[in-house]
Amino acid sequence: MKKWLAGIVVATSIFGLAACGSDSGSGSSDGKELVVGASNVPHAEILEKVKPILEDKGIDLQIETYQDYILPNKDLDNGDLDANYFQTVPYMDLQMKENEYDFVNAGGIHIEPIGVYSKKYKSLEDLPEGATILMSNSVSDHGRILTLLEKKGLITLKDGVENTQAQLEDIKENPKKLKFDYEYEAALLPQMYENEEGDAVVINSNYAIDAGLKPLEDSIAIEDSNSPYVNVIAVNKGDENKEEVKELVKALRSKEIQDFINEEWDGAVVPVTE
């Protein structure tokens, strides 16, 4: 992921996107076109496989690709998109709270286990005292990162802390005195890993895959498939009952698409059915 791309939306058709939002508050006006915003990998690639399935249902799926986590929700809220497919429920909840969006989860599709990467050390156990771990500035990611590190025995969280809500101040024990640097956009982290910045870098699998990394092989630690951070189809409240949206979720959960996900990413992306 190139630094200059961070925060910039790459739309496959700027004029088509503008036209889709011109007639209604939530995207398509004729009920046959469905405009979905998605991250390049794996979301947009999965949606490309879904296109012919929806075409058989009389639905024209239009895919708009994004390189960040902010604009897809802004465009969903302002009606340029009918749905987006890139985010987890904890992230969506945080965004709704901070921006007063009125979104709902129309259906969970897959999990992208978050991983820890290092060019300097071969395992978490090898990290020295005072090692610096680079992570994204997305607060919703911090809980899952800390939960992963706790499961691997590097830290202990305070009693009673909900894992998905955990923050750095909730660390109770940190025997290696690890330092956490969280000032970075998630899209920049793969390049920071390549530049050997920090001692370890925590990278979301979609950005890792897009940068040519193989999460299961290249990471020194990775979430298991029981992660609660399911990537979902998000829509404006009320649109979850639209036939096109229901057909989209149904297609994404079909055996054909689940088999494609398993074969294409071999465990780096894990399909779910609810």
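The values are calculated or read from the model by the stated rules, or taken from the named source; none is laboratory data. What you see is a predicted model; the values in this text were computed from it and never measured. In this analysis, Cβ positions are derived from the backbone assuming ideal geometry, glycine residues included, and neighbour counts consider all displayed protein chains. Just so you know, the surface numbers come from the protein's heavy atoms only, side chains and all, with ligands and any DNA or RNA stripped out. Shrake-Rupley method; radii C 1.70, N 1.55, O 1.52, S 1.80 Å.
Under 5 Å between amide hydrogens, built in the peptide plane, is the criterion, and for V230 it picks out V89 among residues at least 5 positions away or on other chains.
If you filter the range 126-195 for GluC sites (Glu not before Pro), then keep DSSP loop positions with at most 13 other Cβ within 10 Å, what is left? Loop-located and lightly packed - E129, E162.
Dividing the Cα radius of gyration of the range 115-274 by its Kirkwood radius returns 1.01 for Rg/Rh.
Estimated from helices alone, the mean residue ellipticity of the chain at 222 nm is -8500 deg cm²/dmol (sum of -39500 (n - 2.57) over DSSP H runs with n ≥ 4, per residue). Here's how it looks for G107: its modeled amide H is under 5 Å from those of I233, which are all 5 or more places away or on a different chain.
Taken one residue at a time, the phi angles of the range 261-270 give Karplus couplings (6.51, -1.76, 1.60, θ = phi - 60°) of 4, 5, 6, 6, 10, 6, x, 6, 10, 10 Hz. Gly and Pro are set to x. Summing charges over neighbours of T164, with a neighbour being any other residue whose Cβ is under 11 Å away from its Cβ, gives -2 when K and R count +1 and D and E count -1.
Among K49/K158; K172/K255; K32/K74; K119/K237, which pairs are too far apart, with a Cα-Cα distance over 32 Å? Listed pairs above 32 Å: K49/K158; K172/K255; K119/K237. Computed on the range 44-107, with alpha-carbon pairs under 8 angstrom and 6+ residues apart, the relative contact order is 18 percent.
What number comes out for the charge environment of V230, summing +1 per Lys or Arg and -1 per Asp or Glu over other residues with Cβ under 15 Å away?
Within the 15 Å Cβ shell, the charges total -4.
In this calculation the C-beta distance from E125 to D93 is compared with R0 = 51 Å, giving a FRET efficiency of 0.90. The K177 and D224 beta-carbon pair, evaluated with R₀ = 35 Å, returns a calculated FRET efficiency of approximately 0.85. Stokes-Einstein at 10 °C, 1.306 mPa s, Kirkwood radius from Cα pairs: D for the chain in µm² s⁻¹? Roughly 83 µm²/s, to the nearest whole number. Averaged over its residues, the range 119-201 has an accessible area of 50 Å² per residue, based on protein heavy atoms and a 1.4 Å probe.
How high is the FRET efficiency between D56 and E274 when r is their beta carbon distance and R₀ equals 30 Å, given to the nearest 0.05? Given R0 = 30 Å and the Cβ-Cβ separation, E is 0.80. The charge dipole of the chain, taken about its Cα centre with unit charges on the Cβ of Lys, Arg, Asp and Glu (plus for the first two, minus for the last two), comes to roughly 540 debye. Between the C-alpha center of the range 104-126 and that of the range 152-231 there is a gap of 7 Å.
Note on D102 and K49: the extension gain reaches 16.2 nm, defined as 0.36 nm multiplied by sequence separation minus the Cα-Cα distance. As I understand it, the value is the acute angle between the Cα axis of helix 45-55 and the longest principal axis of the Cα atoms of the chain; what does it come to in degrees, rounded to 10? The helix 45-55 is inclined about 20 degrees to the chain. Contact order, relative form, for the chain: 28 percent (alpha carbon pairs under 8 Å, 6 or more residues apart, mean separation divided by residue count).
Restricting to the chain, compute how many DSSP beta bridges are antiparallel as a %, nearest 5.
Counting only bridges with both partners in the chain, antiparallel ones make up about 60 percent.
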